Structure formats: structure tokens, C-alpha cells
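Here's the structure we're looking at; comments come further down.
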Amino acid sequence: MPERPRLRARHLRHLGVAGWTGLVLVLLYLLVATVGRLHGSPTELVTLGPEAPSAAHPFGTDHLGRDLLARTAEGAWTSLWICLTSVGFAVVVGTAIGMTAGYRYGGRLDTLLMRGVETVQALPQFIFVMFVIGLMGTGDMHFGPVTVGNGLRVALAIGVGFVPYFARVARGATVVEMREDYVVNLRGLGVPAREIVFREVLVNVLPPVLGQAFLAMAIAVFAEGGLSFLGLGVPAPHPTLGNLVADAGGQILGDAWWYATLPGTVLVLGILGFNLLGEAYGERDRNRGTRFARSPRGGGTPAVPAVPPKATVTEETT
Amino acid sequence: MATYILRRALGVLVVMFAVVSGMFLLLHVSPVSPVNQLAPQIAADPVARAAFEHAHGLDRPLVVQYGDYLGGLLTGDMGTSLYDGSDVADQVGRALPVSLELGFLAALLAGIPAVLLGTWSALRQGRTVDHVTRVVTVVAMSLPGYWLAVLLLVSVDDPDYLPSAGGFVRFAEDPVRNVQVLLLPALVLGLGAFAMVTRSLRGGLVEAYASDHVAFARAMGSSRTQVLRRVALRGAVVPTLTVAGVLIGGLLSGTVLVENVFQIPGLGQLMVTAFQRQDYQLALGGCVATAAIFLLLNLVVDLLYLVVDPRTRQGLARA
């Protein structure tokens, strides 16, 4: 465990403006989600009809008189939980598929897996997710004793849609890593393949995959909102950011500006935050990849001064 | 090069076949039955259920249904809707042009300002314009279209610009009204694409300007505009084409959401209604049509590489 804090600090220092902004936005999202849950019940009727934001109800109340801050917070938690589950699922499954394909690079299994990935990607991602939801229906699902609830169902559908992306990234990284000297050397020393893949290669494949995970989070927040918005996600009595916005659109309360605006702003906080974090991560990778400044702008110190030679090789071989 | 194009087109056909087969089989083994969604006097009564299944051929062996569906697809027959018995191909055929028009309009509204802004901010790299562009595009990329659409619905009062107020007219009936009504949806839909094109074009231009080609062209006495037009932009188009695939996917997904907010009778709305009613035949038809468009557009993008970047043509000749 002594390694851990030092690593963290180094990551934070190189976040850059975009990264810091992203972090702050994501923290704000979490803050709203936490404070709102402490604020009150999302289903209790506290006023008669919609009321503008006030000290008692900072986000106002909705068309039934429910406290909108509490509902937004509940929705933000649900969305976050669904997105984390879906991206987590996609990272695990995608990395497994991608590394298997990359390990068997050029083989029959590689071709088979990548053809599968290509087929899944023949539909735009959101439409594919809709299709998967259509397959699973909108009720709870039962697999013997295991019941897949509604949130988990949506999470799985979104997750399946992300698998191809992570599989591609993981495969590319694995192919590069397997050609590295250290793998050849370890093989020469007689280390079993399983150990090389899980102990050495996996560690080097994960960083690019996790970098994509931030961007995937942004897309997942968007997609979850979209699905709930269309009525294909978590159903109405339970608030999510998507069906809050949908409710606001359906009720068309011309003067209730807060109804659509405030929950939507929280939604944007989440998407923007994860987008910026993903961008900061990508920027860091790019700076590490090219030792020589590619833009004449020059100003500012390079994000990571010490260039590991491996990274340069990676850039060339891909 | 002709063989390359042919090979790519064949590849698209193979993927298309895999997609259709995969979707068909998954739908038919899925635990959700379309019959459950019918009126209770049919869904709950075993005799009526069997009669309905027989009428729609759902009681035949899966292989026969599959062969039948594939054969039908080849002749342009996508079966009939399980919900109201209407012809699927006909419904898709009516919805598709609307979606395509919306997508095309969005691409147009996104593309032109994106090219201008991307070029401008690359030329003023590191200055205020560049910074503002960067912030604006990141924000624009993160604004979900369905939220913006709802905000517009709430704040715009003029029914002439809102198709949701029953004001949608087809292009053939009244072109001016049609474009007017589609303007707001197209703007919402195009916002994300605008941001992505601006960013990638700016990135590509900055990279191109740092290259030796540009320095050489300048040294040989080409003017700034000549360098921009003949050297820098040509280099910057290639990375921009690379994001086109993602972009097309985003536009296709976006139409689903935007059409639903604004009540535009396009393919997206058709598919969502189909999924909500679990009308499999119709949903499958919509998905097949979307996949076909997506694959075709991606093929076009791949072929555009050959037009834009002569180096790729060279590579083909050698391979």
C-alpha cells in the first residue's frame, strides 16, 4: 500500500485546467446528489402544484408538488449507479474479449471475436442499446433465483453497447505489448503464458482502457438519460435525470422554467465533468507519446517530463 | 482500386447479413413475446393466442421463419406489423425520408460553421478565439439534445417553428414550411456534430501547420491563403474524416431522441413506438434500415479517404 498515495498525487498534479474543471464538476454533481438526498423524500407531496425555487425547496417543486431537489438527487444517484455498473461491466468483459483476441492476434479466434464486435457496431450504439432493452422487455427478469431488477437491466444493456469499444482498445494495446521485449524475455525464462498475460500485460493494457472509461461514463450518463427519457429506462415513479427532463417536457408548464432547467443542469454537470476528465486523460497520454512538442505554442511545461521509451515505441508501432 | 471498392462493398453485405441474422434470432429466442402485448382477451386465452400465432406464422419452425424473412427482405418485404397489421416496409419507407432530411439538414447546419470556426481558431492558435472555441465546443458536446429540445419546447412560443404542435408538413407538400419546422430540431441535432468537427478540424490544421510541408510551401513563396487551401486543409481533412464514423452514429442516435421530443414522424419515432409496443416485426425493420444506412454511410466515408488522400490510393496499388 505505500505506493498508492504517491501515484494518486502524481496523477492529480497533471490534470491540467480541463481535468481540474472536470473533477470539480463531477464533485458538484455528487454534492447535489448527496445534499438532495438529505434534503427530503423524493415522493412526498410537499406543495400544491408547481412552486418556484425558494429557501424551503431550492429547486422548486414539480407538477405534483414533489420537492425537485430531492427528486433530482435521487435521479442523479440512480443515474450514477447505473452508469458505473454499465461501464464497469463493459470494462471487464471488453478487456477480456480484447485481450483474448490480441493474444491470439491473427488467429481464427481473433477473427471470430473481431467479426462479432464489428457486427455489434453495425448499429449506432444508442440504437443497439434500445434493441437490447427491447430484447429484455421492460419488466423484471428472473433467472432461476436471480432477479434482474430494472436498474440493473438498463445498466447491462448500456454496458453491452460499450463492450466493442473496450474490446478494440484492449486488443490494440495487447497486440503492441505482446511484441515488447519484456514479454519475449519472460517467455524465454520459461514463465507460463497465463502469468505473463495476467501479471505483466494486463497492467499495461489497463491504462488506455481506463482512459476510455471516463469518456464512456459521459456517454453512459447521456444514454441512460435518453433511455429513461424515451420511457425505455427506469420507469416513471422512480426518478432518474432522464425521466425528470421528460416529465418537464410532457407537462409543458410555460412559466415553470425551473422544472426542465435545474435537473437538466445537473445532467450536463455529469456529462461535461466526465468528458473533461476523459479529455485530460487523453491529453496526458498524447503528451507522453510525443517527446517533441508538436505544436509551436510551446508554453507551459510538458505534462510528464520523463518520457518512458516504451511509450514512443507504442506510438510508432500502432 | 475497383477491386478494393468491390471487396469493401461485399464486406458490408456480409456484415449486413450477420446483423440481420443476429437480430432476427435474438428477437425470436428472447423471453419477451409480442403476443403478451395484445389485448387481454387474446393474450390470456390459449386458443386465441394460438390462432394469432398461426395467422402471423409464429408457430412455424424458427428456420422456416428465418428463411422466409430473409427471402422477403431481398424482395423488399419486411413482413407486417404485429400491432396493427400494417406493412412494415411501407411504414419504414414513409419514415425514412423524413429522418434522412433531418439528418442532412443537421449535418449542413453543423458542417458549415464548424469548418469556419475550426479554421479560424487554428489560425489564431492560443489566442482568445481559440480558447473560447475550445470551451464552447466542449460544452456543446456535453449538452444532451433531448434536454435542449425540451428547453426549446418550453421557451419557444411560435408554433411555426415547433413541429410538435401538429405543425409538421412533408417536404413535398410545402417545402418552405417543412424546412422552417425542421430548423430547430436540426439545430439541436447538429450541435454535437458541430463541436466534434470543429475540434478535429482545428487539431488537424494545427498539426498540419507544424509540418514541414507548410514551412516549405511558405518558403517557396505561397501566400497564406494558398497554403491554407492547398496544403493545410488537405492534411486536416483526413483526421476529420476519421471522426465522421462516430459522427454519423451520433446523428442517427440523436434523431431517435430529437424526433421523439418534437414529434417528427421519422424512423426514430417509429422505432421507439415499436419497441414500446414490443412490435417486433416493425422494430426489426427499423433496425435493419438503420444498420443499412449506417453501414452505407461508413462505406462512403471509407471511399472518401481515397478521394481526399492520394497516399491511401498509392497504398492500395502496392498492396
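The values are calculated or read from the model by the stated rules, or taken from the named source; none is laboratory data. Note that the coordinates shown come from a computational prediction; the quantities given were computed from them, not determined experimentally. No Cβ is skipped: glycine too gets one built from the backbone with ideal geometry, and neighbour counts run over all protein chains shown. The accessibility values were calculated without ligands, DNA or RNA, using every heavy atom of the protein model including side chains. Shrake-Rupley method; radii C 1.70, N 1.55, O 1.52, S 1.80 Å.
Averaging Cα coordinates gives a centre for region B:98-161 and one for region A:100-125; these two points are 35 Å apart. In the complete set of protein chains, residue-level accessible area for residue A:238 is approximately 70 Å², probe 1.4 angstrom.
Take peptide B:250-260, look around each residue's Cβ out to 10 angstrom, count Cβ atoms belonging to other protein chains, and average those counts.
On the way: counts 4, 1, 5, 12, 3, 2, 6, 9, 0, 0, 6.
Other-chain Cβ atoms within 10 Å of each residue's Cβ, averaged: 4.
Expressed as a whole percent, the accessible surface of region B:44-129 that belongs to carbon and sulfur atoms is 67, based on a 1.4 Å probe. Scalar couplings 3J(HN,Hα) for region B:118-124, obtained by applying the Karplus form with A = 6.51, B = -1.76, C = 1.60 to θ = phi - 60°, are x, 5, 4, 6, 6, 6, 9 Hz; x denotes Gly and Pro.
Across region B:226-237, rounded Karplus estimates of 3J(HN,Hα) from the backbone phi angles (6.51 cos²θ - 1.76 cosθ + 1.60, θ = phi - 60°) give 4, 4, 4, 6, 9, 10, 5, 4, 5, x, 7, 5 Hz, Gly and Pro being marked x. Karplus-derived 3J(HN,Hα) values for region A:128-135, using 6.51 cos²θ - 1.76 cosθ + 1.60 with θ = phi - 60°, are 4, 4, 4, 4, 4, 4, x, 4 Hz; glycine and proline are entered as x. Proximity of backbone amide H atoms, modeled 1.01 Å from N, is registered between residue A:60 and A:54, A:68, A:69 at under 5 Å, excluding neighbours fewer than 5 places apart on the same chain.
Leaving out ligands, DNA and RNA, calculate the buried accessible area for the pair B and A with a 1.4 Å probe, summed over both sides, in Å² to the nearest 100. It would help to have the intermediate numbers written out before the result.
Details: alone 17490 and 17230 Å², together 30900 Å².
Using a 1.4 Å probe on protein heavy atoms, the buried area is about 3800 Å².
Sorting B:309, B:302, A:181 on solvent-accessible area from highest to lowest, probe radius 1.4 Å, gives A:181, B:302, B:309. Solvent-accessible surface, computed for protein heavy atoms with a probe of 1.4 Å, shrinks by 30 Å² or more for the following residues of region A:215-232 when the other protein chains are added to the isolated chain: A:222, A:229, A:230, A:232. For region B:92-264, the solvent-accessible area with a 1.4 angstrom probe is 46 square angstrom per residue. Counting charges near residue B:86 (Lys, Arg +1; Asp, Glu -1) among other residues having Cβ under 14 Å from its Cβ returns a value of -3.
Over all projection directions, the Cα-based convex hull of region B:92-264 averages an area of 11.4 nm². Multiplying the residue separation of residue B:75 and residue B:104 by 0.36 nm and removing their Cα-Cα distance gives an extension gain of 7.7 nm.
Extending 7 Å from the Cα toward the beta-carbon at both residue B:26 and residue A:31 defines two label points whose distance is 4.1 nm. Spacing of the modelled spin labels on residue B:218 and residue B:53, each 7 Å from Cα toward Cβ, amounts to 7.4 nm. With R₀ set to 35 Å, the beta-carbon distance separating residue B:169 from residue B:304 gives a calculated FRET efficiency near 0.55. The listed residues B:293, A:97 rank as A:97, B:293 when sorted by accessible area, largest first, using a 1.4 Å probe. Label-to-label distance, residue B:312 versus residue B:6, with points set 7 angstrom from Cα along the beta-carbon direction: 2.1 nm.
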